[in-house]
């Protein structure tokens, strides 16, 4: 296994410089250590078809060791089996379980989808969060799952069907344009944005970081803002939106939040979930609420991640009401 020093030298130089600008040396060492760890296999039970009690009984009978996840009853950490071994099990083939990283399970939990709500998953492939949302809704309501890439869209359809998430409609379209087609329609929106994937870097595998560059980060931040505007447009007033990435830098995280708070009628909400590896987002002088968002640091069980929760304001509606009230008063005065 690589040492922390060896891992630092392998990872992109500019990326490491950015990490030292953001975090203390001790925290950077912790992040790098998380990028050389051989992570445990993690999964969740598909409650549309199965339940956690049956799953734990199955694993005990199969001599598969596991650990419960304190903040999510339907998730397990597997201690003595890799993903390829789990994929050979009949419960995997039947769609009773879904292999999924633990941070990826956080956004649907934070979104808190309810039965009979209308939910948009703007960038949905391969479907881990989409099918989790369907399960949290007890497969009652409506989910629109959008994916731009045609091949990934087919994978999304396959996973939705395997999990029997019958409330999901899959579409193949541009997320930036979708908001105009469904203006003020959805109760909840999930934007798990395309990102530079820094939280998933593996220092032992250059394929995970070879395409990273500062330009890529800048280009993705521009796309994230366009997708955010589309998600905002599709969301009802008073609706809830969750924004997430699997990257660590500020440009794709805090700076996107700053842009949204300055340009859209949204408010950041607290995220109430007890996770060991979370830290608050970084505030700036203008927006002191940004630290309500959370950043997950890479570890033995977790990839790096970032999650923020918003509510769409009703300011425009209040302005219209105020204007109508003023007009009504004028009319009453005229008749009086």
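What follows is calculated from the coordinates using simple rules that are stated; it is not laboratory data. Everything numeric in this text was worked out from a predicted model, so none of it was measured. Neighbour counts run over all protein chains shown; Cβ positions are idealised from the backbone, glycine included.
For the stretch 127-161 and the stretch 11-34, what is the separation of their C-alpha centers, rounded to whole Å? When both Cα centres are located, 34 Å separates them.
Report note on the peptides 246-255, 66-75, 186-195: ranked by the mean count of other C-beta atoms within 10 Å, highest first, their order is 186-195, 246-255, 66-75.
Between residue 89 and residue 29, the C-beta separation translates, for a Förster distance of 30 Å, into a calculated FRET efficiency of about 0.20. Between the beta carbons of residue 208 and residue 140, assuming R0 = 45 Å, the FRET efficiency works out to 0.75 to the nearest 0.05.
On a per residue basis, the convex hull of the C-alpha atoms belonging to the stretch 24-113 measures out at 113 Å³. Each peptide among 159-168, 145-154 gets the average number of other Cβ atoms lying within 10 Å of its residues, and from highest to lowest they stand as 159-168, 145-154. Taking 7 Å steps out from each Cα toward its Cβ at residue 259 and residue 161 produces label points 3.7 nm apart. Projected label points at residue 171 and residue 270, each 7 Å from Cα along the beta carbon direction, are separated by 3.6 nanometres. Helix 315-335 axis versus longest C-alpha principal axis of the chain: approximately 10°, rounded to the nearest ten.
In the chain, helical runs assigned H by DSSP with n ≥ 4 each contribute -39500 (n - 2.57); averaged across all residues and rounded to the nearest 500, the mean residue ellipticity at 222 nm is -12000 deg cm²/dmol.
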